Structure formats: C-alpha cells, structure tokens
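The values are calculated or read from the model by the stated rules, or taken from the named source; none is laboratory data. Values in this document were obtained by computation on a predicted structure and should not be read as measured data. Every residue, glycine as well, gets a Cβ built from its backbone with ideal geometry; the counts of neighbours run over all protein chains shown. Heavy atoms of the whole protein, side chains included, go into the accessibility calculation; ligands, DNA and RNA do not. Shrake-Rupley method; radii C 1.70, N 1.55, O 1.52, S 1.80 Å.
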Amino acid sequence: KDFWILTRLLNLTIGSLSILFGILAIWDFIKFKKTGSTDGLILQLPKPIKERIHKVVGFFYRRSPQQKQDNLLPATGKLILSAFVTGFLVSLLEAVCTGQVYLPTISFVLKTSTLKLQALGYLLLYNIMFVIPLIVIFIFALLGVSSRQFSEFLRRHLGLIKIFMAVLFFGLGVFLIWRF
C-alpha cells in the first residue's frame, strides 16, 4: 500500500514539474519572440556549465590558425578517440541537469519487481529519444555541416523548438497525473 502511495505522489510531483516546465518553455518562447535573444531564457544549461562544455569540445576540435592555413585535419583515430572523450566529459557535465532524476529512477525501477519490464521499455524509449537527435547531428557533421550552421539553424528555429518542448512537457505532465 505504501508503495502505491509513494508511486502516486512521485507521479503527481513529476507530472506537476513537467507542466511547470511546459509553462517555462512557453515563457522562454514569448521572451525569445519579443527580444530575439537567448539571454535570460530559463530552460537552458547554466552559463558556467555551457562554458565548460565549450572548453572541452574546443580542446579537441578547434584548430589553430596555422593548422587551418596548412589545412591539417585530425587523423581519423584521433578524431574518434577525441569524440569518445568529449562525449564522456560532456555527459558528466550535463549529468548536473539529468542525473538527479535519472539515477534514482533506475535504482527505484530495479527494486520494483512487478514493473521491471514496463520500466525497461520506458527507459529504452527515453534513451532512444535522447540518442536519435545526437545521431542526426553526428551524421550532419560528417556531411560537413559546421557548428556555426547548427547554431544558426537552432537560433532560427528556437521558437518552434520551445513550442515542441512545451507540448512534450504538457503531454508528459498530463500523462503522469492522469495515469495514476
């Protein structure tokens, strides 16, 4: 009985937080549409973490003016190794935003014998949804799309992205609150 009460409370809490995030995504959308600037948007990584990620990525991928002039490209092996190292370090830095919910949820699921299969399905779905955009970006990068082009694309479509985020958050919130 206590388990189901705790489950209901957890779903209500996470569902309410999802709806709050949906409201914040709409707030960000309105703010971006008014100002045209990403400064001060609420739903984004904190600036110190973003700067650290940029340093990690830049350490492995940015070339000096001399290397650009000599048209030196990193060797494939070095590029693959640096991609793995960069991905690992960025994952550690982003764990600040995702780890608080993700890791306790996994441990909770492992202790709940009746819901393991269903929870595994949700966990796989979450990971697939998380990884697919990264794979798409990786493929575009292999095809020669630069980070500047990615940034410009995201900036041009930030309003639409915020609306999609709001719909996703509202959908998850309603699902979690309504389901239990």
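Determine the gain in length on full extension of the stretch Arg155-Glu94; use 0.36 nm per residue of separation and subtract their C-alpha separation, reporting nm with one decimal. Intermediate results must be reported in sequence, preceding the final value.
Working: separation 61, 0.36 × 61 = 21.96 nm, distance 2.08 nm.
Going from the current span to full extension adds 19.9 nm.
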| note | Taking a label point 7 Å from the Cα of Ile80 along Cα-to-Cβ, the residues of region 139-180 whose backbone nitrogen sits under 20 Å from it are 139-144
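State the extension gain, in nm to one decimal, for the chain segment bounded by Lys116 and Leu168, taking 0.36 nm per residue of separation less the distance between their alpha-carbons.
Numbers: separation 52, 0.36 × 52 = 18.72 nm, distance 2.43 nm.
Taking 0.36 nm per residue and subtracting the Cα distance, the gain is 16.3 nm.
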| field | Where Arg179, Arg156 fall by accessible area, highest first, once all protein chains stay in place (1.4 Å) | value | Arg156, Arg179
